[in-house]
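Read through the structure below, which is laid out as structure tokens, and then see the notes.
The values are calculated or read from the model by the stated rules, or taken from the named source; none is laboratory data. Nothing here was measured: the structure is a model prediction, and the numbers come from that model. Cβ atoms come from the backbone with ideal geometry, glycine included; neighbour counts cover every protein chain shown. We work out accessible area using only protein heavy atoms, side chains counted, and drop any ligands, DNA or RNA first. Shrake-Rupley method; radii C 1.70, N 1.55, O 1.52, S 1.80 Å.
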Amino acid sequence: MAEPLLDISEFRMYFHTEKGVVKAVDGVDLTVHEGEVVGLVGESGCGKSVTSLSVMGLVPQPPGKVEGGSIRLTGKDLTHLRQREWQRIRGNDISMIFQEPMTSLNPVFTIGDQIVEALQKHQKISKKEAKKRAGEALKEVGISRKGILGEYPHQLSGGMRQRVMIAMAMVCRPKLLIADEPTTALDVTIQAQILDLMRRLNEETGTAILMITHDLGVVAEMCDRVVVMYAGEVVEKADVKTLFQDPRHPYTQGLLKSIPQLDKRFDRLYSIPGNVPDPRKMPEGCRFSPRCEFAKDICMTQKPDLLDLGKSHFSRCWLHDEKKGDADRDPITVTT
Amino acid sequence: MTQSQSLLEVRNLKKYFPIRGGVFGRKVGEVKAVDDVSFSVNKGETLGIVGESGCGKSTTGRAILRLEEPTSGNVEFEGNELTRLKKEAMRRMRRELQMVFQDPFASLNPRKTAFEIIEEPLKVHGIGHASERKEQVMELLQVVGLDVSHAGRYPHQFSGGQRQRIGIARALAVRPKLIVADEPVSALDVSIQSQVLNLLEDLQHTFDLTYVFIAHDLSVVRHISDRVGVMYLGRMVELANRDSLYDQPLHPYTQALLSAVPVPDPDSVRERIILSGDVPTPSNPPKGCAFHTRCPHVMDICQEVRPEFKDYGEEHYVACHLLEK
Ligand SMILES: Nc1ncnc2c1ncn2[C@@H]1O[C@H](COP(=O)(O)OP(=O)(O)OP(=O)(O)O)[C@@H](O)[C@H]1O
Ligand SMILES: Nc1ncnc2c1ncn2[C@@H]1O[C@H](COP(=O)(O)OP(=O)(O)OP(=O)(O)O)[C@@H](O)[C@H]1O
Ligand code: SF4
Ligand SMILES: [Mg+2]
Ligand SMILES: [Mg+2]
């Protein structure tokens, strides 16, 4: 395969707080190839946003600190860039959209001004040309109402604001779009519109998407590959079909069994016992071990590696290790 | 209608909120948050209410308990007309009807311990002596799966799922017959959500509870409900038993809503109905059928006449002109 567009390798970002060290991202491996849609899933606090903000150089340091690993964009390491170099990359090579578009739209400027500014920051074009392009960008995301360029963010509905964000993010034709829970705050019928739009942009412009979400339904519909995080670590990654049909990590398996499904009936839902660990007191060994029904002695003391199971399927679990783990108990049976 | 088994009967319920404006705060309009909604809830069942943000789900739930005074309509609980009860009588009646809220953090007093929070409704209703109450609270903690040794902790010392358990224990304390649960699992992570859903189901069996379960997650509602009502812009547009509603939705809005839910199966091929446009504002709902501005099947009559909410067989209620033909 060609060199990946984005290559995050063994990346660690810790927060040094008064109450202790938060190992928010503690060994993340993730690649996104050109034109690909990759899903990053996991529960609240597992480090999805910190991972994506790190790619954009937007984690405040301090309290954050890169403790190892690299983030490469077409081969170039981003972890030690200076602010000025970031300016060139953000918006141009990589763009990001967030869950709540209001936080990234400026309430005192019109929609038109904001898109024009984004354009002129990266491209030497006249104001008039930029305005024309802004109008086109909005049409591309399905907003064609008259006078929209002169409206302010608060005059728009949540779904429209998210469209404006996408228009702004796409206007310089970035190679990579990072979407952090882009539809979580939206209603399901509006979510369907936005996902449809993102899929179309991906197909038409070839922009790769790193899609961050906790919704496995969104992942199944949008993504080519999936990366599952738990407590700051990647625990499993695979292509989307493999992940849903043959999940191998006990956490992924539990997660898939816990969600009620529209078209399948269970009398009783499976539930993973216990709670997500406190990020300041991560369990020894495998971080999932206190909640894992397959845990063995070694799981409580030694951290498993992300093991290659073949066909680009990886899982971080002792059960896959034939020597140390007990391969017979490999929980391969899929119950969904 | 199955009048004999119904525990709660809601008829033509309306809740309009005034919009005030100008220097004198005069009423300049109104938000029709709930606009003529009727349904019944049978003893021991779970009625799910779904719909998108702002469609009036919470207001419906709150109006049933008169946490919001209904503008008009009737709410009959075990034959008692709640809307006519005096304040004190309504207060006593709340022992029978309890509510569980979405945000377990906002709905729990941060300065009270879990013990005090769960004990409070017992005190309010003058149930038992201190020692009896203590025993009951400890039992409740166990019932909802919390560690009794954590009774002295404050809400912030619990996780989201544990806080929701405290909220449930508080609602259960006075042994109600009906619990209105407003988005009880929406703020929780998937792995914790299933724990709380299972708990609610267990408690229903143990204590013979009836639930009105409000949520926007259609999969969760399918899992937990016996019957489901779909709301749009203050109105109920469809109501049926769970499987008919999910397998044969009759209202165009329900059809679109169900088709929009992403399913966690990469092989599923479903036809998606993508609705254009946004939900109109409830202060100025469209004339006729409130859904006509987004409906793929809109006809002339839809723009003029509000369709009646009618039973189209086997208690499958729908408000749509397409079915009238
Ligand atoms: N600036 C910060 N200082 C200290 N801790 C932080 C900071 N930002 C994030 N964290 C911690 O890092 C961990 C990972 O947070 P992150 O926002 O990446 O989670 P997430 O997976 O995006 O969760 P969610 O689904 O809730 O958005 C959390 O424990 C969080 O509290
Ligand atoms: N106290 C109030 N004053 C004025 N308007 C209100 C009040 N409470 C609710 N509304 C309005 O009534 C409508 C219905 O609100 P409600 O909270 O019942 O919706 P919901 O279906 O529960 O939505 P969500 O899914 O977002 O919780 C909304 O337009 C809301 O803005
Ligand atoms: S009444 Fe008309 S507009 Fe309303 S849902 Fe039915 S067909 Fe559509
Ligand atoms: Mg996040
Ligand atoms: Mg609500």
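Please list, by residue number, everything in segment B:112-149 whose backbone N is under 18 Å from a paramagnetic label point 7 Å out along Cα→Cβ of residue B:103. Once the point is set 7 Å along Cα→Cβ of residue B:103, B:112 turn out to lie under 18 Å by backbone N, inside segment B:112-149. Taking label points 7 Å from Cα along the Cα-to-Cβ direction, residue B:134 and residue A:86 give a separation of 5.6 nm. Of all trypsin sites (Lys or Arg not before Pro) in segment A:122-217, which ones are in loop regions per DSSP and have a Cβ with at most 14 other Cβ atoms within 10 Å? Loop-located and lightly packed - A:124, A:145, A:146. Tell me whether the protein assembly as shown comes out rounded, prolate or oblate; compute the Cα gyration tensor, take square roots of the eigenvalues as a ≥ b ≥ c, and use a/c under 1.5 as the rounded threshold. Judged from the Cα gyration tensor, the protein assembly as shown comes out oblate (a/c at least 1.5, b/c at or above a/b).
Between the alpha-carbon centres of segment A:237-290 and segment B:142-183 there is a gap of 24 Å. Extending 7 Å from the Cα toward the beta-carbon at both residue B:111 and residue B:78 defines two label points whose distance is 3.5 nm. Solvent-accessible area assigned to carbon and sulfur over segment A:231-320 amounts to 50 percent, based on a 1.4 Å probe. The simple Förster model, with R0 at 51 Å and r as the Cβ-Cβ distance, assigns residue B:120 and residue A:33 a FRET efficiency of 0.35. For chain A, excluding the exposed loop sites themselves (GluC sites (Glu not before Pro), DSSP loop, at most 13 other Cβ atoms within 10 Å), the longest remaining stretch covers A:19-283. Find out how many positive minus negative residues lie around residue B:188, taking Lys and Arg as positive, Asp and Glu as negative, among other residues whose Cβ is under 12 Å from that of residue B:188. Here the count lands on -3. Take every DSSP beta bridge whose two residues both sit in chain B; close to 65 percent of them are antiparallel. Give the distance, in whole Å, between the Cα centre of segment B:1-68 and the Cα centre of segment A:100-176. About 38 Å separates the Cα centre of segment B:1-68 from the one of segment A:100-176.
Chains B and A together bury some 3700 Å² of accessible area, summed over both sides, with a 1.4 Å probe.
I'd like the FRET efficiency for residue B:93 and residue A:103, computed as 1/(1 + (r/R0)^6) with the beta carbon distance as r and R0 of 35 Å, rounded to 0.05. Once rounded, the FRET efficiency stands at 0.20. With a Förster radius of 25 Å applied to the beta-carbon distance between residue B:315 and residue B:11, the computed FRET efficiency rounds to 0.95. Roughly how many Å is it from the Cα centre of segment A:199-229 to that of segment A:1-77, as a whole number? Cα centres, segment A:199-229 to segment A:1-77: 17 Å.
Computed in the context of the full set of protein chains, the accessible area of segment B:1-76 at 1.4 Å probe radius has 47% of its extent on carbon or sulfur. Accessible surface for segment B:1-77, divided over its residues, is 43 Å² per residue with a 1.4 Å probe. Residues whose amide H falls under 5 Å from that of residue A:303, counting only those 5 or more places apart or on a different chain, are A:285, with hydrogens built in the peptide plane. For residue A:34, the amide hydrogen comes within under 5 Å of the amide hydrogens of A:5, counting only partners 5 or more places away or on other chains and with H modelled in the peptide plane. Of all DSSP-defined beta bridges confined to chain A, some 60% are antiparallel rather than parallel. Rounded to whole numbers, the Karplus 3J(HN,Hα) couplings from phi for segment B:307-322 are x, 6, 8, 10, 7, 9, x, 6, 6, 9, 8, 9, 10, 7, 5, 4 Hz, using 6.51 cos²θ - 1.76 cosθ + 1.60 with θ = phi - 60°, and x at Gly and Pro.
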